[in-house]
Amino acid sequence: MSIRFDGKVAIVTGAGGGLGKCHALELARRGAKVVVNDLGGAVDGTGGSSAAAEEVVAEIKDMGGEAIANGGSVSDRAGAKGLVDDAVKAFGTVDILINNAGILRDKTFKKMSEDDFEAVLNVHLVGSMYCTRAAWPVMEAKGYGRVVMTTSSSGLYGNFGQSNYGAAKLGLVGLMNTLKLEGGRKGIRVNTIAPVAATRMTADIGIPAEIMEKLKPELVTPAVLYLCSEDAPNGMIIEAGAGYYAKVQVVEGKGVHLGPNATVDDVAANIERIGDMSEATPFGQGGEVTVKIFQTMPS
Ligand code: NAI
């Protein structure tokens, strides 16, 4: 089996380097027409030039593929709209959107300025929302769309010094959880990748060189391409790094009913049972939790 993207138009944000570049190149190798977006700034989001995106476009053209560059910012409403307009103008439509662009402004919460918090939220969460909102009507009108969000273990599980980044990254999972429901009825599937890769973003965090060598961004791309393929799932999170691939899911314990007069003392006395995850289950959507609460209520 060889998964192909012939005839598909894909936008990859932040594709001037790192993971996004790998996604863009592999999509092009497999037949997609690609819009390579990148603001071309530093890791903290300062500066910018369209040169990075243009270089990736040149690489795609050299191997016989079709691509255009876009140097706009995903965290700018007009920039995100322009990105989708560029795709439609050059290639007629948008089938795939990979929200990959990102920046870092690490500091402990106490030392972090509100500007640094907002800047990170604006690129990852708001930027992904802007791009997805711009592509959504095009996808809805044709009854086909694949959107991939990029989260992080920092958001899923926490990481010291990354309160801004973690909040933004888990926000993307929340965004996916609703869009998978709204889009599913319209042929749009929304999934999320949680990558681990050696890029400029992870260059200075002290990972030993022999481990960095194994963390090839090219080993994250297969999961991303699967998540935006024709037979993609809907609402799936895959953690991917160094050839490891695992589904990630939020689950809830079996729970315990403490009666209509439950007090804080009852919660304290039962905290082990409340925290028992041995029979944890996932839910397809929020309302299912309410149904469970009432279905398991003792009469
Ligand atoms: P990277 O720094 O090489 O790539 C990010 C790209 O996004 C850069 O080329 C940058 O110019 C671009 N960008 C930044 N702000 C932009 C904006 N406003 N508009 C358009 N483009 C913009 O880093 P990497 O590692 O390739 O990151 C890709 C994604 O993967 C990010 O969302 C990152 O948070 C995420 N990620 C990476 C991990 C890793 O281990 N490398 C771990 C978890 C998540």
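The values are calculated or read from the model by the stated rules, or taken from the named source; none is laboratory data. What you see is a predicted model, and the numbers here were worked out from it, not measured in a lab. Neighbour counts are summed over all protein chains in view; Cβ atoms, including those assigned to glycine, are modelled from backbone coordinates with ideal geometry. Please note that ligands, DNA and RNA were not included when accessible areas were found on the heavy atoms of the full protein model with its side chains. Shrake-Rupley method; radii C 1.70, N 1.55, O 1.52, S 1.80 Å.
The one condition from (1) within 16 Å of the ligand (Cβ to nearest atom); (2) open to solvent by 30 Å² or more (accessible area, probe 1.4 Å) that residue 141 does not meet is (1).
Filtering region 118-170 to residues that are over 25 Å from residue 250 (Cα atoms), part of a helix (DSSP H, G or I), free of Cβ contacts under 8 Å to residues at least 60 places away in the same chain and more than 15 Å from the chain's Cα centre (by Cα) leaves 118, 134, 136, 137, 138, 139, 140, 141, 142. Does residue 200 meet the test of being open to solvent by 30 Å² or more (accessible area, probe 1.4 Å), closer than 17 Å to residue 124 by Cβ and of a type in the set (D, E, K, R)? Criteria met by residue 200. Only one of the numbered conditions (1) buried (at least 22 other Cβ atoms within 10 Å of the Cβ); (2) within 10 Å of the ligand (Cβ to nearest atom) is not met by residue 146, and that is (2).
Looking at the structure I just gave you, is residue 108 open to solvent by less than 40 Å² (accessible area, probe 1.4 Å), farther than 25 Å from residue 17 by Cβ and over 15 Å from the mean Cα position of the chain (by Cα)? Considered against the rule, which asks whether it is open to solvent by less than 40 Å² (accessible area, probe 1.4 Å), farther than 25 Å from residue 17 by Cβ and over 15 Å from the mean Cα position of the chain (by Cα), residue 108 comes out as no. Criterion applied to 232, 223, 197 was being part of a loop (DSSP other than H, G, I, E, B), touching a residue at least 12 places away in the same chain (Cβ under 8 Å), touching a strand residue (DSSP E or B) at 6+ places or on another chain (Cβ under 8 Å) and within 16 Å of the ligand (Cβ to nearest atom), and the one residue passing it is 197. Surrounded by fewer than 24 Cβ atoms within 10 Å (Cβ to Cβ) and not acidic (Asp, Glu): is that true of residue 125 in this structure? Yes; evaluated as a whole, the condition is true for this residue.
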